[in-house]
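Below: one structure, written as structure tokens.
Every number here is computed from the coordinates shown, using simple stated rules; none is lab data. Model, not experiment: these values are computed from the prediction. Cβ atoms come from the backbone with ideal geometry, glycine included; neighbour counts cover every protein chain shown.
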Amino acid sequence: MKHLKNYILLTAIVLGFMSCSSDDSNPVANNVTLEFTNTFGDTPITLGAANATEATVNTSDAGQVHHFEELKYVISNIRLIKADGTEIPYNVNDLDNGATVINQANTETLSYVLSDIPSGDYTEIKFGLGVRSDLNTLDQVSFPAFYENAGSNETAMHWEWGTGYRFTKIEGFYDTDNKELSFHSGSTLAEDEDGNYIQGVDAYRDVSLSLPTTAVVGSNAPRIAIKADFDYLLSGNSYTITLVTTDDISNNATPSAHTATEMMKFVDNIGGNGSDDTSGMFSILAVEN
């Protein structure tokens, strides 16, 4: 009887180890890392002040030279799409755990880890440039972490005049005499005839990108390299823009609340127009399994 008990105990231990080994080799979830590279064409962007010699000098399709001093944008509403079409949302209603500010000046922000993604084969990624209208309020109570990050001195992605977030914040200089380039985008509110606030312009854009190689989540923790090509700011699929400094605001470098309609030209370039262009300035560089 003693030998039988020992045999049963040994069998249970072996089965336990086998079960753990099986779980380790076939995990039900793993991480996926999104790595953002900000470029002009194929050249990684180097930021710089007005006369900085190290800054990347860019030339638009219209022949206008410019460079960037500040480059930031919000990524949210992330979804991974399996090969069978199943959509896996990643904290899409939680800005604290599902949204981030990409800041070219802070290399730590260029990588964003999606944790506990269900195992499977993924062939597409979708995400928002900006914040969906139903979440786009400066809500310190519901999303304190994102509110603090977006409003910090380092990021400054709160509108001073409105209740929502900046979606992009681009500062720099253009032409050989370094005139100021300042582009900030974000959704606006309008007042209807009854005095109620309604959606004005919607600067949020839903980006959809097919993966050139299947991202296999399970025993692998894939890394997806995403390029944001800021050549599209002035030379996008929707518009070729020449910046001006006259009173004609049609191509002004500093769109504001009063020029919201003109702001949308820049938004359609970098985020896509939502119809025939759903990628804008974004593309996939590589998938590493």
task = Among 135, 147, 210, flag the residue with its Cα farthest along the positive direction of the charge dipole of region 85-225, charges on Cβ as +1 for Lys/Arg and -1 for Asp/Glu.
result = 210
query = Around residue 45, which amide H atoms from residues at least 5 apart in sequence, or from another chain, sit under 5 Å from its own amide H, with H modelled in the peptide plane?
reply = 38, 39, 40
ask   = List the GluC sites (Glu not before Pro) in region 84-165 that DSSP assigns to loop (not H, G, I, E or B) and whose Cβ has at most 10 other Cβ atoms within 10 Å. Which are they?
value = 160
query = Label point 7 Å out from residue 37 along Cα-to-Cβ: which residues of region 218-233 have amide N under 11 Å?
reply = 225-228
query = Using θ = phi - 60° and the Karplus curve 6.51 cos²θ - 1.76 cosθ + 1.60, what whole-Hz ³J(HN,Hα) does each residue of region 27-38 get, with Gly and Pro shown as x?
reply = x, 7, 7, 7, 8, 10, 9, 9, 10, 9, 10, 9
Nonlocal amide H pairs with residue 128, under 5 Å, H built at 1.01 Å = 76, 77, 78, 207
task = Compare the peptides 269-277, 55-63 by average per-residue count of other Cβ atoms within 10 angstrom and give them in order, highest first.
result = 269-277, 55-63
query = For the pair residue 88 and residue 57, what calculated FRET efficiency results from E = 1/(1 + (r/R0)^6), where r is the Cβ-Cβ distance and R0 = 35 Å, to the nearest 0.05?
reply = 0.30
query = Taking amide H positions as placed 1.01 Å from N in the peptide plane, with prolines and chain starts having none, which residues 5 or more places from residue 285, or on another chain, fall under 5 Å of its amide H?
reply = 225, 226, 227
task = Please give the contour-minus-distance gain from residue 29 to residue 138: 0.36 nm per residue of separation, less the Cα-Cα distance, rounded to one decimal in nm.
result = 36.0 nm
